[in-house]
Amino acid sequence: MAKDTNPLSAQDVVRSGLCIGCGSCAAQARGADARMALDRYGELKPAGAAWLRSRSASLARTCPFSPAAVDETQLAAALFPDAARGSALVGRFEAAYVGHVTEAGFREAGSSGGMVSWTASELLRTGRVDGVAHVAANEEAGGDRLFGYRLSRSPEEVRAGAKSRYYPVEMSEVIRTIRATPGRYAVVGVPCFIKAMQLLRREDPVMRERVAFSLGLFCGHMKSTRLVESFAWQMGIAMDDIARVDYRSKNPGRPANWYTVRFELRDGRTLQKDWFHLAEGDWGAGFFQNAACNFCDDVVAETADIAFGDAWVEPYSSDGRGTNVVLVRSPVLARMLADGIREGRLQLEAVDEDFVERTQAAGLRQRREGLAYRLTWHRRGMRPRKRVLPAAAALPWRRKLIYRLRAAISAWSRRLFRLARIAGVERWYVQWARRAGAIYHVLAYSQGRLARWFGLGA
Ligand SMILES: Cc1cc2nc3c(=O)[nH]c(=O)nc-3n(C[C@H](O)[C@H](O)[C@H](O)COP(=O)(O)OP(=O)(O)OC[C@H]3O[C@@H](n4cnc5c(N)ncnc54)[C@H](O)[C@@H]3O)c2cc1C
């Protein structure tokens, strides 16, 4: 492993807008005050004093957005040398599936087909791991953070933590615990978190041995805490009154991609609303997106032993019970899934890379074509090193406008929300967000009408 890397500090990464808030740097820092905290925009960032500025080559090699870190293609080649299949968009894999869990309880409780909780539970049940690091609701909701990483040590605990949390979380505590506690662990995370874990495993032999499996979640982008706060504003709910949040309450009778947020309040009431009636209802508009996501080129967790997403193509998108798409890269997990299928506990059909790519078409466009365009923009701080080269020339004007507007919505939603929050005038933000969302909608979905208005080709 190269040891001549230019050193980097956590502050360098934050100032360059490249910090996703994974907490790997805080877990490695020697300073007693090293921690992660919510910033003024509701994003997790390294906090403390002296350690933030101290530069280290090891941080430069292990931060997932560091230009000096090994990229996803190189990591995957070293991790899965025998994976026979693959493509430039989804990386290496052994097998790909679409389907869901048939064993009782998992699909109903999961955000999609329940495959993540099933796989994590099965690893525990079969003794392949002693603990699973994943994200669950914090016991005391209404405090500083609604959700966080925890270590579950039984299948029941894993099952109780099912569901997707579009909320900032960080791994510093679980990394410290894993390092301090002998055993074998599985880690669930979005692509950049799994990359951070794989980079740490290259650096640290203890983590290499103990983190035995990584379970990736496909990812569109990371949201700040403000998404749930804004939903609560628009539904007339005070954050202190919230006992539980479900970003994707399931209704088997409605399409899976009609997301419904559901709040359970401390007084026992439940309130829910469809995302498309809320200002930020269109995921693609990029409200409250972490700035680092503008420089990500991995949608499908290419460095994870197994990765899971939603099958966003018909007929699956219309099936409100939820359907996963799965990429398996580890031979051990490939056998575990094959056993599950044979035993009738999983209903999975083999698919190819084209199918997987179609399920994530929008996310892949944003991380390839969109990333190439964003890399041509002027920016301050460190230049990210990506597997995509800067390119703008061949991009039609409408696509350029969509990427510009999406980036503007991401940047301005955080600032305007902060202003409205400080002033205590919620409508300042909400009215702006509704207008911005409406403009995005026309631009993204009314191609013919726009072209006619301006007399241009789309
Ligand atoms: C921020 C984010 C963006 C996503 N974007 C996409 C996308 O663009 N396309 C797509 O197809 N899928 C995306 N997903 C994945 C999708 O939402 C489902 O998580 C996935 O399909 C698995 O569903 P399941 O029913 O199998 O999981 P479940 O059985 O519901 O289990 C989910 C597991 O993930 C863990 N978890 C939940 N939230 C987090 C988190 N933030 N970080 C780490 N672990 C977590 C839970 O603790 C649980 O163990 C995203 C997920 C997240 C968190």
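Among beta bridges identified by DSSP and lying wholly in the range 90-248, the antiparallel ones come to about 45 percent. Dividing the alpha-carbon radius of gyration of the chain by the rule-of-thumb value 2.2 N^0.38 Å gives 0.94.
The stretch between ARG342 and VAL425, if pulled fully straight at 0.36 nm per residue, gains 24.1 nm over its current Cα-Cα span. Subtracting the Cα-Cα distance of ARG262 and ILE439 from 0.36 nm times their residue separation leaves 61.0 nm of extension gain.
Cα-based values for the range 190-302, radius of gyration first and Dmax second, are 17.6, 50 Å.
Among TRP377, TRP283, TRP51, the order by Cβ neighbours within 10 angstrom, fewest to most, reads TRP377, TRP283, TRP51.
Fewest neighbouring Cβ atoms within 10 Å first, the residues LEU89, LEU389, LEU333, LEU405 line up as LEU389, LEU405, LEU89, LEU333. For the chain, the Cβ-based charge dipole about the Cα centre amounts to some 1660 debye (Lys, Arg positive; Asp, Glu negative; other atoms uncharged). Note on the chain: lysine pairs with Cα distance below 20 Å, sequence gap of 8 or more or different chains, count 11. The sum of -39500 (n - 2.57) across all DSSP H runs of n ≥ 4, divided by the residue count of the chain, sets its helix-only mean residue ellipticity at 222 nm to -11000 deg cm²/dmol. DSSP assigns beta bridges within the chain; of those with both partners inside it, close to 80 percent run antiparallel. Of PHE287, PHE147, the sequence from fewest to most neighbouring Cβ atoms within 10 angstrom is PHE147, PHE287.
Summing charges over neighbours of ALA10, with a neighbour being any other residue whose Cβ is under 10 Å away from its Cβ, gives +3 when K and R count +1 and D and E count -1.
Sequence-ordered 3J(HN,Hα) estimates for the range 395-400 from the Karplus curve with 6.51, -1.76 and 1.60 and θ = phi - 60° stand at 7, x, 4, 5, 5, 4 Hz, glycine and proline given as x. The coefficient of translational diffusion for the range 116-179, derived via Stokes-Einstein from the alpha carbon Kirkwood radius under 4 °C and 1.567 mPa s, stands at 106 µm²/s.
Between ARG176 and ALA392, what length in nm is gained on full extension when 0.36 nm per residue of separation is reduced by their alpha carbon distance?
Working: separation 216, 0.36 × 216 = 77.76 nm, distance 4.29 nm.
Between ARG176 and ALA392, full extension yields an extra 73.5 nm.
Exposed loop sites are taken as trypsin sites (Lys or Arg not before Pro) in a DSSP loop (any state but H, G, I, E or B) with at most 11 other beta carbon atoms within 10 Å; the longest stretch of the chain without one runs 41-268. Max-minus-min Cα coordinates of the range 286-442 on each principal axis give 58, 37, 28 Å, with the largest extent listed first.
For the range 290-426, averaging the sequence separation of C-alpha pairs within contact (under 8 Å, six or more residues apart) and dividing by the residue count gives a relative contact order of 26 percent.
The spread of Cα positions in the range 1-140, taken along each principal axis and listed from longest to shortest, comes to 51, 44, 30 Å. Simple spin-label estimate for GLN272 and ARG153 gives 3.5 nm between the two label positions (7 Å along the Cα-to-Cβ direction from each Cα).
Read-outs throughout are calculated quantities, based only on the coordinates presented, and are distinct from any laboratory measurement. Values in this document were obtained by computation on a predicted structure and should not be read as measured data. Cβ coordinates were reconstructed from backbone atoms using ideal geometry, including for glycine residues, and neighbour counts include every protein chain displayed.
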